[in-house]
1. Quick check: is even one residue across the stretch F:62-70 in contact (Cβ under 8 Å) with a residue 40 or more places away in the chain and either touching a Lys or Arg at 6+ places or on another chain (Cβ under 6 Å) or of a type outside the set (Phe, Trp, Tyr) (or both)?
2. Can you confirm whether the stretch C:95-104 contains a residue that is farther than 23 Å from residue B:74 by Cα and modelled with pLDDT of 95 or more?
3. Go through the stretch C:46-57 and report how many residues are closer than 22 Å to residue C:122 by Cβ and buried (at least 17 other Cβ atoms within 10 Å of the Cβ).
4. Kindly indicate whether residue D:43 is open to solvent by 10 Å² or more (accessible area, probe 1.4 Å), under 14 Å from the mean Cα position of the chain (by Cα), closer than 22 Å to residue C:89 by Cα and modelled with pLDDT of 95 or more.
5. Give me the residue from the stretch F:108-122 that is out of contact with any strand residue (DSSP E or B) (no Cβ under 7 Å at 6 or more places or on another chain) and modelled with pLDDT of 95 or more and, out of that set, farthest from residue F:78 (Cα to Cα).
6. Output the residues belonging to the stretch F:1-12 that are open to solvent by 30 Å² or more (accessible area, probe 1.4 Å) and at pLDDT 95 or above.
7. Search the stretch A:101-117 for residues being touching a helix residue (DSSP H, G or I) at 6+ places or on another chain (Cβ under 6 Å) and open to solvent by 30 Å² or more (accessible area, probe 1.4 Å), and hand back the single one that is nearest to the other protein chains (Cβ to nearest Cβ).
8. Would you mind stating whether residue C:89 is within 28 Å of residue A:79 (Cα to Cα) and aromatic (Phe, Trp, Tyr)?
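The values are calculated or read from the model by the stated rules, or taken from the named source; none is laboratory data. Note that the coordinates shown come from a computational prediction; the quantities given were computed from them, not determined experimentally. When we count neighbours, we look across all protein chains shown, and the Cβ atoms used for this are built from the backbone with ideal geometry, even at glycine. For the accessible areas, the whole protein counts, side chains as well, though only heavy atoms, and no ligand, DNA or RNA atoms are used. Shrake-Rupley method; radii C 1.70, N 1.55, O 1.52, S 1.80 Å.
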Protein chains: 6
Amino acid sequence: MTDGPSLLLVEDEALLLLSMSEVLADGGFALLEATSGHAAIEHLDGGGEIHGLVTDIRAGAGPNGWEIARHARKLFPTIAVVYVTGDSFAEWSAEGVPDSVILQKPFADAQLVTAISTLLNCQPPAPPTPSPG
Amino acid sequence: MTDGPSLLLVEDEALLLLSMSEVLADGGFALLEATSGHAAIEHLDGGGEIHGLVTDIRAGAGPNGWEIARHARKLFPTIAVVYVTGDSFAEWSAEGVPDSVILQKPFADAQLVTAISTLLNCQPPAPPTPSPG
Amino acid sequence: MTDGPSLLLVEDEALLLLSMSEVLADGGFALLEATSGHAAIEHLDGGGEIHGLVTDIRAGAGPNGWEIARHARKLFPTIAVVYVTGDSFAEWSAEGVPDSVILQKPFADAQLVTAISTLLNCQPPAPPTPSPG
Amino acid sequence: MTDGPSLLLVEDEALLLLSMSEVLADGGFALLEATSGHAAIEHLDGGGEIHGLVTDIRAGAGPNGWEIARHARKLFPTIAVVYVTGDSFAEWSAEGVPDSVILQKPFADAQLVTAISTLLNCQPPAPPTPSPG
Amino acid sequence: MTDGPSLLLVEDEALLLLSMSEVLADGGFALLEATSGHAAIEHLDGGGEIHGLVTDIRAGAGPNGWEIARHARKLFPTIAVVYVTGDSFAEWSAEGVPDSVILQKPFADAQLVTAISTLLNCQPPAPPTPSPG
Amino acid sequence: MTDGPSLLLVEDEALLLLSMSEVLADGGFALLEATSGHAAIEHLDGGGEIHGLVTDIRAGAGPNGWEIARHARKLFPTIAVVYVTGDSFAEWSAEGVPDSVILQKPFADAQLVTAISTLLNCQPPAPPTPSPG
């Protein structure tokens, strides 16, 4: 199906961004990409609806992944959130948002696709979130 | 693995039926297809065991998706149920069956595959349902 | 805490109604009681917000428990639903609403209190449902 | 409600057995008690249906709690299982049965009641298990 | 069972503190109480192990409930967290910690006991968290 | 992403081993393969960390799948476990380990990938398990 849910992918390592982007596009998601926390915030504030966020904890210049996710949830209260990380795994229980998943690098492609799909599939049957734009 | 679980796919839009059918066949499922509610009921009543149901809510002539799923559960009490819908999302909490998933169009291919797989994987270790045929 | 969430309790056997009512009141819930399906519908249509429904499947004159729950979910999409039954347990997978619990008689008091509490605690952080009245 | 589900409680420390027995009886459960693994097996093999098992891991003479639970599940495939333990907590992931809960001593009364109630409430809507007797 | 898991209860309204304290003590928990965010932090930093946190979002002088919970999780990564709130419910999806529950006032006593018990019962079978003291 | 989590795949039927191996490698997992229970134990005891186990119940010479999984969990307490089986499905509730999944043959490729991915994604944010080697 074309035009699947839109995901914002935040990753400052170019190769990893490319790899994750291909995997998620193959799964049928529409992707927005950001290589820094600053760019991530701009996408979120841009006015279009975003259904999921996949973010590294270390996200280059600007806010880190924990901060990006909190900002995203203030705008889109039910947005699906997947964190990926090399060394911040232990901070998730204090810094993560509710109903999020964290993947420790290296993870398999299938884990990423399953994580975001499962979260999107479990969204509550609430009235659609009004667009913030 | 060949000859995976059999799914009944009910969708009256030909292009969407084709798209979902390909995605599910790629995932290894054996597919039965119906382009109307009437045809769906015939498949269910046909006597062969069916492990999962993927149904649009608007299902052309005959019963709608809510009715098809209830009929399916009467014949196969543990059949996995995934609804897909454009505009009936809000009715799920009143009209859906327990332990079902509803996907709002447009959804990603990976969401469909994850939804049906997750439901099938969670089936209880009960004795196999006797075939109704 | 006084003035807990309001539950509608539907049961046509007077002794069982009394027993469940006491158990739920001890747990801190505010109770509305109905001894028939007709009375249950009247309560639901009465305009006040109701947070949970505990209903027998055989509910005396009027709609049965399956029908009462569907009506309740149309008015209050996130209302918690617990069914109790002696002999209709097997119909739940076809007739129940999503995210409901069914208790087979005889059940323990603690099961009833845990069932309704767990469902209420898992309600999604959606904006409060507007009152239908 | 009288005559709630029957639980088998296995504990070789008399004071703890008494304490747990009172808490579970207050919750409305019908109790069978065993102060050794041998006695637990006798109860299970006795022919009556048992819906839940609460067992210490160190269970006096005879099989330990891990073995008692496996035996119980062979007779009653969907029996609810709660382990309580002082020092065997770390073995649960290897020795426990699926869909069981383990409580580390000291635990609160409410944890015990919630654990067994939650497991009983989640039993699948399968056809009733035939009595082994 | 005496000496159950220790809970820190943070609430600046004296009557509500008393009410919740009684309910949780009846459930078998050992309680520490704080009537301000400052006092809550002192308890957490005091060196003793704390297994659960029940906190109002508005917590009087000092950090609010969101901040108290993050601090608690930094010290005790698997501590159970229940928030109670009158008007901050909508912020939970952005400000809450993972695997927490939020109860909207007015809630029933049974909801509070079930919430904290369920979270404690689901703690992973990891090695005990080393005390920070 | 290269170098995903390492899975041990235990299957004595060569064609099925090949089929599952391809599916899991496509999903991005690093695979170790064993065609007997004896070989499985050698891999587990070999000293390298293994994050997931996919095992047939009938596993050729040596321990069966139930025994392999218990051995694996003793070495790696949080290892993900997926059983596949033709005729031992009914034994899972007594012989399986907690938080495992069992797939009845014939299953779809997508079910296998979803099962192991979901289990790995749900691993608790505990400190990394020390390698047993």
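1. Yes, because at least one residue in the stretch F:62-70 is in contact (Cβ under 8 Å) with a residue 40 or more places away in the chain and either touching a Lys or Arg at 6+ places or on another chain (Cβ under 6 Å) or of a type outside the set (Phe, Trp, Tyr) (or both).
2. No: the stretch C:95-104 contains no residue that is farther than 23 Å from residue B:74 by Cα and modelled with pLDDT of 95 or more.
3. Within the stretch C:46-57, residues that are closer than 22 Å to residue C:122 by Cβ and buried (at least 17 other Cβ atoms within 10 Å of the Cβ) number 6.
4. Criteria not met by residue D:43.
5. Among those residues, the one meeting the criterion is F:108.
6. Answer for the stretch F:1-12, where residues must be open to solvent by 30 Å² or more (accessible area, probe 1.4 Å) and at pLDDT 95 or above: just F:12.
7. A:109
8. Spelling it out, it is not the case that residue C:89 is within 28 Å of residue A:79 (Cα to Cα) and aromatic (Phe, Trp, Tyr).
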